[in-house]
Amino acid sequence: MITYQVDGVKMPDIRRRDITTWIKAVAATYGKRVGEIAYIFCDDVKILEVNQQYLQHDYYTDIITFDYCEDEALRGRRDTISGDIFISLDTVRSNAEQQGTTYDEELHRVIIHGILHLCGINDKGPGEREIMEAAENKALAMR
């Protein structure tokens with residue numbers, strides 16, 4: 001089940017049913033089923049608080065994904081994905097402006113970015129950012 005919540009912001013104008021169907025289709029391309037996924041749309045203040053409290057990072061970001069797979073060794077190999085995905089709508093908006101894309105396009109990119117993390121795709125190591133971008137583009141083309 002996928003839920004969509006807000007914390008300090010207005011719910012973005014998304015078609016939740018369509019987004020849910022899209023997310024499930026993308027996850028299926030990686031051999032995954034969707035378990036419990038919670039999207040929490042928030043502002044920069046909240047995402048900074050979450051980043052500091054849980055990750056000990058002192059900076060703003062567009063997305064934080066918490067993977068609720070119990071066993072670290074199985075992460076990326078299990079067939080059901082579950083987690084919480086925090087998205088700062090403030091940062092999504094500024095990233096869209098900086099990258100010359102629309103808010104809607106950037107929001108959908110970030111929405112699927114969290115799912116791709118839960119499917120086992122990383123973006124911090126050497127060459128991983130390019131793999132993530134390719135996966136995002138492939139997923140966005142499915143929308």
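The values are calculated or read from the model by the stated rules, or taken from the named source; none is laboratory data. Not measured: the values here are computed from a predicted model. Every residue, glycine as well, gets a Cβ built from its backbone with ideal geometry; the counts of neighbours run over all protein chains shown.
With respect to VAL34, is the statement that it is among the aliphatic types (A, V, I, L, M), surrounded by fewer than 16 Cβ atoms within 10 Å (Cβ to Cβ) and either touching a residue at least 40 places away in the same chain (Cβ under 8 Å) or more than 20 Å from LEU116 (Cβ to Cβ) (or both) true? No; evaluated as a whole, the condition is false for this residue. Search the range 63-77 for residues being surrounded by 16 or more Cβ atoms within 10 Å (Cβ to Cβ) and on the phi < 0 side of the Ramachandran plot, and hand back the single one that is modelled with the lowest pLDDT. Ranking the candidates gives CYS69 first.
Inspect the range 117-129 for any residue being touching a Lys or Arg at 6+ places or on another chain (Cβ under 8 Å), surrounded by 17 or more Cβ atoms within 10 Å (Cβ to Cβ) and assigned to a helix (DSSP H, G or I) and give the result as yes or no. Yes: one or more hits. Just to be sure, is VAL92 assigned to a helix (DSSP H, G or I), surrounded by 15 or more Cβ atoms within 10 Å (Cβ to Cβ) and in contact with a Cys (Cβ under 9 Å, 6 or more places away or on another chain)? It is false that VAL92 is assigned to a helix (DSSP H, G or I), surrounded by 15 or more Cβ atoms within 10 Å (Cβ to Cβ) and in contact with a Cys (Cβ under 9 Å, 6 or more places away or on another chain).
If I filter the range 101-114 for residues that are of a type in the set (Val, Ile, Thr), touching a residue at least 60 places away in the same chain (Cβ under 8 Å) and surrounded by 13 or more Cβ atoms within 10 Å (Cβ to Cβ), do I get at least one hit? There is at least one residue in the range 101-114 that is of a type in the set (Val, Ile, Thr), touching a residue at least 60 places away in the same chain (Cβ under 8 Å) and surrounded by 13 or more Cβ atoms within 10 Å (Cβ to Cβ).
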